[in-house]
Amino acid sequence: MITAPLPALTRRDVHPPRVPRKAVAVIGVRRSGKTSFLYQCLADRLAAGRPRDSLLLLALEDDRLDGITTDDLSWLVEEYYRQFPARRETAAVTLCLDEIQVVPAWERLVRRLMDTENIELLISGSSAKLLSREIATALRGRAMEVLVHPFSFREVLRHARMEPSGAWTRLGRSDRSALDARLRDYLLCGGFPEAQGLNARDRQKLLQGYVDTMVLRDVIERHAVSNVVALRWLQRELLASPAGMFSISKFFNALKSQGVSVGKDTLHAYLSHLEDAFMIRTVALHTPSERKRMVNSRKAYPVDPGLIPLFQRTTEPQTGHALETAVMLELERREYQVGYVRTSDDLEVDFHASAHGRETLLLQVCADTSNASTLDRELRALASARSVYPRARAILVTLDADPPMGTLPAHIEWQPAARWLLEAEAPA
């Protein structure tokens, strides 16, 4: 039960579904703030007048609970109802099970609780398997999911008590310049909550530890990976090439040339495991043809721009790739279906984003448009893609404080990245 004061935490822009008799699965990468979000949910219920003894949270990765089983959890639930028998009929109990994946056969317990008890259940875990396999299959429609990424740009500003109180159009030039500077910091430092405010050396050590733990606990141990060398090569390749095209076939040939023996099917599985752990997000070609999606390369992104400096192969800052990563993650937070576009004239648009009830977006992300040929290429790609998707809203997103020189093509608009990230349309 929640007896101590709830911690004062930065509020997340995450809105879990409130559907009766459905569990809520809070999923996301390690250290992204899932436990804090559970506390936020409990604080909301406490503020709504719920008694403290109706709010329960179990941190299942606590070493004191090592080896806990579903039988143990069942006993705890029964013991609670023995202490508070009237709660069994009122449905005024919220139970949070944090890092549920450490309990073998947890899905059977969740299924039974949802079938037999009048209880609000929130579960969290670090593996996407909670969504893709175990919740979708084992719970058979008894759960709905909510994804928690590291802090967004707006949440980083809120954490630093610098969140703008009004719309972008009402901000003065000095305020906009301050936000532009904070965005550049965000693209370098990222949004992991514990990394906020750290110096560069400590931040990189912290984030490197996160990556090592994700690979070991959420990939190697969870999936019994045998070829650790190939997995490590794959992990480094993906994180060292943010927003880059990635092909299993080409990577397989590169490993073969280095004397690393591994099968293509194994590499496909390892990529899936890294996505399961939320370390990597991938974007496929936007096309109605499933075959074309499968045979074309995918674009790979880290789950946070702060991971990019850990593996970059150059001393030059990868601001453009970090900005594209931030935009992709924001689209995912906003629950868009995302793909990239390759036009008939072999030009590429970074994102085609669609969601039910909202306008389709074509987004081209460019850190710097001061080079005329770069700007021309980005605009030509947008114009070409919009001729294929004429109802889409085509936007050029840049780090520039001022719009590009000259007149933009018809039906293409420009937005500074800080504004787009702060004003992106929320899920319906």
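Below, the figures for the structure above:
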| quantity | calculated |
| --- | --- |
| All positions within the stretch 160-176 that are open to solvent by less than 70 Å² (accessible area, probe 1.4 Å), over 26 Å from PRO302 (Cα atoms) and in contact (Cβ under 8 Å) with a residue 12 or more places away in the chain | PRO164, ALA167, TRP168 |
| Scope the stretch 7-26; condition open to solvent by 30 Å² or more (accessible area, probe 1.4 Å) and of a type in the set (Gly, Ala, Ser); matching residues | ALA8 |
| Lone qualifier among LEU310, LEU238 - being surrounded by 20 or more Cβ atoms within 10 Å (Cβ to Cβ) and assigned to a helix (DSSP H, G or I) | LEU238 |
| In the stretch 397-428, the residues that are in contact with a strand residue (DSSP E or B) (Cβ under 7 Å, 6 or more places away or on another chain), of a type in the set (D, E, K, R) and either open to solvent by 80 Å² or more (accessible area, probe 1.4 Å) or at pLDDT below 85 (or both) | GLU425 |
| Inter-residue pairs, beta-carbon under 6 Å, first within 18 Å of MET405 (Cα to Cα) and in the stretch 360-386, second of a type in the set (Ser, Thr, Tyr) and part of a helix (DSSP H, G or I), 6+ apart | ALA367/THR319 |
| Condition broken by GLY191, with the remaining ones in (1) in a helix (DSSP H, G or I); (2) open to solvent by less than 40 Å² (accessible area, probe 1.4 Å) satisfied | (1) |
| Verdict on LEU9 being of a type in the set (A, V, I, L, M), over 17 Å from ILE123 (Cβ atoms) and outside any helix (DSSP H, G or I) | yes |
| Selected residue (criterion: most open to solvent (accessible area, probe 1.4 Å)) from residues of the stretch 246-277 that are in contact with a Phe, Trp or Tyr (Cβ under 7 Å, 6 or more places away or on another chain) and within 15 Å of VAL229 (Cβ to Cβ) | VAL260 |
| Unique residue being in contact with a Ser or Thr (Cβ under 8 Å, 6 or more places away or on another chain) and among the aliphatic types (A, V, I, L, M) when the list is ALA230, ALA200 | ALA230 |
| Elements of type helices (runs of 4 or more DSSP H) contained in the stretch 315-428, each with 2 or more residues being farther than 22 Å from ARG12 by Cα | 319-333, 372-388 |
| Residue in the stretch 39-47 that is within 28 Å of ARG217 (Cα to Cα) and open to solvent by 60 Å² or more (accessible area, probe 1.4 Å) present | yes |
| Close pairs (6 angstrom Cβ cut-off, 6 or more residues apart or separate chains): part of a helix (DSSP H, G or I) in the stretch 92-103, among the hydroxyl-bearing types (Ser, Thr, Tyr) anywhere | GLN101/SER127 |
| Of all residues in the stretch 335-352 being at pLDDT 95 or above and more than 21 Å from ARG380 (Cα to Cα), the one that is surrounded by the fewest Cβ atoms within 10 Å (Cβ to Cβ) | GLN337 |
| Among (1) farther than 23 Å from ALA418 by Cβ; (2) part of a helix (DSSP H, G or I) - the single one PRO288 does not satisfy | (2) |
| Residue that is nearest to SER152 (Cα to Cα), among those in the stretch 198-227 that are touching a residue at least 12 places away in the same chain (Cβ under 8 Å) and not in a helix (DSSP H, G or I) | VAL225 |
| Residues of the stretch 73-102 satisfying the condition of being among the β-branched types (Val, Ile, Thr), surrounded by 13 or more Cβ atoms within 10 Å (Cβ to Cβ) and more than 24 Å from the chain's Cα centre (by Cα) | VAL77, VAL93, THR94 |
| Failed condition for ASP62, given (1) out of contact with any Gly (no Cβ under 9 Å at 6 or more places or on another chain); (2) open to solvent by 60 Å² or more (accessible area, probe 1.4 Å) | (2) |
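The values are calculated or read from the model by the stated rules, or taken from the named source; none is laboratory data. Model, not experiment: these values are computed from the prediction. So basically every Cβ, Gly included, is an ideal-geometry build from the backbone, and we count neighbours across all protein chains shown. For the accessible areas, the whole protein counts, side chains as well, though only heavy atoms, and no ligand, DNA or RNA atoms are used. Shrake-Rupley method; radii C 1.70, N 1.55, O 1.52, S 1.80 Å.
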